[in-house]
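A short write-up of the structure that comes next.
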Amino acid sequence: MFFTIFCDSLFSTRKFFFIIKSALGFILGNGKFFARKNIKKLLKKDDIISIYTDTRNIDLIIKQYNITRRNIIDIKKGRIGAKYTKNLTVGIYEETMKERFEKEFNIDSNNCWIWKKSSDINPRFIFHKKEYQAKRISYELYCESIPPKAKFTNNICNNNLCVNPDHLVLLTHIQPNNTKLTKDQVIEIYIKSNNGYKEKKLAEEYNVSRQTINEIKLGKRWAWLTKDL
């Protein structure tokens with residue numbers, strides 16, 4: 001009876017809630033304190049300095065040192081080991097274009113890289129507030145650099161939203177008669193023209209001008225494709 005009355009009285013007062021709040025604050029506060037204290041014992045001075053100045057992705061740092069994300073944030077913000085790092089420059093991770101690009105597509109059952117944020121036939125990729133053609137960036141990231149006026153067709157998968165470089169065919173336009181040459185044709189012209197084939201015959205065979213043949217032969221056009229041949 002007395003115990004019941006006592007409990008009712010205790011629960012009805014603000015003091016009870018104050019006690020609970022204070023106890024929780026004490027426990028959590030000490031928890032953080034001991035966690036930081038243990039980290040200081042676990043990591044050496046050189047480790048703390050390395051973590052503070054490290055510019056890699058935070059997940060890689062976690063794997064290397066086997067500590068928590070919170071520990072790394074505390075070190076980089078000077079809550080842990082400040083006496084070792086106060087005169088140093090904190091390492092800030094900057095996402096690369098390739099890492100950002102790989103977050104922008106999903107891979108379907110046909111191994112198509114389907115661009116997430118577009119329904120247009122020419123998906124756009126934005127990186128550091130600058131806009132690029134997603135297919136062009138894909139080709140340059142995973143294959144090779146390409147000339148500025150080159151265009152692509154998805155004639156391998158017939159999916160205009162696919163940015164898989166293995167599904168992209170590079171088309172290079174030839175002037176003045178607007179004939180399209182593939183990469184293989186350009187390579188053939190380069191090899192043949194430098195092995196005694198007449199430019200006039202090559203021009204007729206590939207339906208381009210003699211000037212185009214000569215420019216391919218001398219590396220004035222498509223040098224990025226023929227320079228290592």
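Before moving on, here are some points about what is shown:
- For segment 51-106, chymotrypsin sites (Phe, Trp or Tyr not before Pro) are listed when DSSP marks them as loop and at most 15 other Cβ atoms sit within 10 Å of their Cβ; the list is Tyr93.
- For Lys76, Lys135, the sequence from fewest to most other C-beta atoms within 10 Å is Lys76, Lys135.
- Positive-end residue of Gln211, Tyr190, Thr226, charge dipole of segment 174-229 with Cβ unit charges: Gln211
- Computed from point charges on the beta carbon alone (+1 for Lys and Arg, -1 for Asp and Glu), the dipole magnitude for segment 66-127 about its Cα centre is near 580 Debye.
- Number of Lys-Lys pairs in segment 74-129 with C-alpha atoms under 25 Å apart and a separation of 8 or more places or on different chains: 10.
- Dimensionless Rg ratio for segment 95-171, taking C-alpha atoms and the 2.2 N^0.38 Å reference: 1.01
We did not get these values from a lab; they are worked out from the coordinates using the rules stated. Keep in mind the model is a prediction, meaning the values are calculated, not measured. Because the Cβ atoms are built from the backbone with ideal geometry, glycine has one as well, and the counts that use them run over all protein chains shown.
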